[in-house]
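To start, the structure under review is shown below, and the notes come after it.
Every number here is computed from the coordinates shown, using simple stated rules; none is lab data. Since we're looking at a predicted model, the values are computed, not measured. Every residue, glycine among them, receives a Cβ derived from its backbone with ideal geometry; neighbour counts consider all protein chains shown.
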Amino acid sequence: MERRKRRSFTPEFRAEAVKLVREGSKSLPQVAKDLDLTESALRNWVREADGGEDKNPAAGALTGAEKEELVRLRKENRQLTMERDFLKKAAAFFAKEGST
């Protein structure tokens, strides 16, 4: 498969492409094909136009409470992982002590 050369597009062209997608008369893949663009490039332009710089689309769907819970759960997960690792080392230490 031949790789495309990297092209640059004017902000006006990008805005017009995003406008075509938003109008909804054609799907994003069809607009990309009509304009000889990759779907991913056009999808990124639409995302940028929406003000979403987040690469993970699911992360934008979280509410404030869900984000807080996610932070809390990640912190708890780190703490439990540290405790587990400590207990593994302690068990190995005492197993070695008991065998000598």
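Structural remarks
- For segment 9-57, the Rg and Dmax computed from alpha carbons only, in angstrom: 10.2, 27
- Inter-probe distance in nm under a simple model that places probes 7 Å from Cα toward Cβ, at residue 33 and residue 74: 3.9
- Residues of type lysines that residue 33 reaches as a straight line, Cα spacing below 25 Å, ignoring anything fewer than 8 places off in the same chain: 5, 19, 55
- DSSP H segments from the chain that extend 24 Å or more along their own axis, Cα-based, with Kyte-Doolittle mean of -1.0 or above: 64-99
- Spin-label model distance (nm) - residue 23 vs residue 40, 7 Å beyond Cα toward Cβ: 2.8
- Among 75-84, 23-32, sorting by the average number of other beta carbon atoms lying within 10 angstrom of each residue, highest first, gives 23-32, 75-84.
- Proximal lysines to residue 89, defined as alpha-carbon separation beneath 28 angstrom and excluding residues fewer than eight positions away on the same chain: 75
- Cα extents of the chain along the three principal axes, largest first (Å): 76, 41, 21
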